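Below you'll find the structure, written out as structure tokens, and then a few comments.
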Amino acid sequence: MGKAFDWHLIFDFIPTLLEYLMITLQVLFYATVIGLVLGLILAVVRLFRVPVLSQLVIVFLSFIRGTPMLIQLFLVFYGLPALLLVFGVDISRMAPAYFVIVTYALRDGAIFSEIFRSAIKGVDYGQTEAAMSVGMSPMQSFFRIVLPQSASIAFPNVANSVISSLKDTSLAFTIGLMDMMGRGEALIAATAHALEVYIAMSIIYYAVVLILEQAAKVFEKRANRHKAPVMALD
């Protein structure tokens, strides 16, 4: 059993936990950037139906969807060093943050690929035909016409996925990453005030999520400012 609840400790714990928030945000940032690149590559492979690779991507996406995040974290943490050791590369001493970033980047890449694929298919194919009619190649029309429009379509879902990833980073402490959640667990072990620590962390997570949501709305509004409003007909 923990000690008697003391609400004053919530405000004492928040500054301590905030010191480790940057680690959580760094993991989120790098995983998101890598995931965006990976997601676009996977989406293109599937859309152009690249032989063999397209089938491998489908298997990869199915695996990511069908396994818990925690298991994926342990598979990368224990499996990647074992795999590379076969080729004479020892990464067993690397900081846990790298394994966390790789895991979340793979997961984000799988999610983003489906978002991108759906968004790209949502762009009217007539625009591709029009681009090719003026001399563009299929690849040129894709990167110059289709991709910019699909990015606007995909953005809301990508933003929601990033916010979801922020909350999922709370699992990273299980492989030894001393992020905000890891520091919170250490505080619980040292003080036995678990409820106060979890309330403090929930306040911080909630505040960050609200900031990200507002930032996403502002960015989306600015990105779509060139679009004319749809006029309702009487």
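The values are calculated or read from the model by the stated rules, or taken from the named source; none is laboratory data. The model shown is predicted, which means the values in this text are computed figures rather than measured ones. We place every Cβ from the backbone using ideal geometry, glycine too, and count neighbours over all the protein chains shown. Accessible surface areas use protein heavy atoms only, side chains included; no ligands, DNA or RNA. Shrake-Rupley method; radii C 1.70, N 1.55, O 1.52, S 1.80 Å.
Just a few scattered comments:
- Where helices (runs of 4 or more DSSP H) sit wholly within the stretch 1-107, those with at least 1 residues that are over 29 Å from TYR198 (Cα atoms) and of a type in the set (Ser, Thr, Tyr) occupy 53-66.
Each row is one residue, and each column tells you yes or no for (1) closer than 21 Å to ASP179 by Cα; (2) open to solvent by less than 50 Å² (accessible area, probe 1.4 Å).
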residue: LEU75; (1), (2): yes, no
residue: TYR78; (1), (2): yes, no
residue: ALA82; (1), (2): no, no
residue: ASP90; (1), (2): no, no
residue: ALA105; (1), (2): yes, yes
residue: GLY109; (1), (2): no, yes
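- Enumerated helices (runs of 4 or more DSSP H) restricted to the stretch 124-216, each holding at least 1 residues that are of a type in the set (Asp, Glu) and within 27 Å of MET94 (Cα to Cα): 147-168, 180-191
- Any pair with Cβ under 8 angstrom, 6 or more apart, that starts in the stretch 45-70 at a residue that is closer than 29 Å to THR174 by Cα and open to solvent by 90 Å² or more (accessible area, probe 1.4 Å) and ends at one that is in a helix (DSSP H, G or I) and not acidic (Asp, Glu): ARG65/ALA110
- Of the residues making up the stretch 116-141, those that are among the hydrophobic types (A, V, I, L, M, F, W, C) and either more than 23 Å from VAL33 (Cα to Cα) or without any contact (Cβ under 8 Å) to a residue 24 or more places away in the chain (or both) are VAL123, ALA130, ALA131, MET132, VAL134, MET136, MET139.
- When LEU177 is tested against (1) closer than 28 Å to TYR78 by Cα; (2) at pLDDT 90 or above; (3) open to solvent by less than 60 Å² (accessible area, probe 1.4 Å), just one condition goes unmet, and that condition is (2).
- Within the stretch 185-209, residues that are of a type in the set (D, E, K, R) sit with their Cβ atoms under 8 Å from residues that are surrounded by 15 or more Cβ atoms within 10 Å (Cβ to Cβ), at 6+ positions apart or across chains, in these pairs: GLU185/PHE173; GLU196/LEU9; GLU196/ILE10; GLU196/PHE13.
- Qualifying position, being within 16 Å of VAL44 (Cα to Cα), modelled with pLDDT of 75 or more, surrounded by fewer than 16 Cβ atoms within 10 Å (Cβ to Cβ) and not polar (S, T, N, Q), among PRO148, PRO138: PRO148
- Restricting the first member to the stretch 12-40 and to residues that are free of Cβ contacts under 8 Å to residues at least 12 places away in the same chain and more than 18 Å from ASP179 (Cβ to Cβ), and the second to residues that are assigned to a helix (DSSP H, G or I) and open to solvent by 20 Å² or more (accessible area, probe 1.4 Å), no beta-carbon pair is closer than 7 Å while six or more apart or on different chains.
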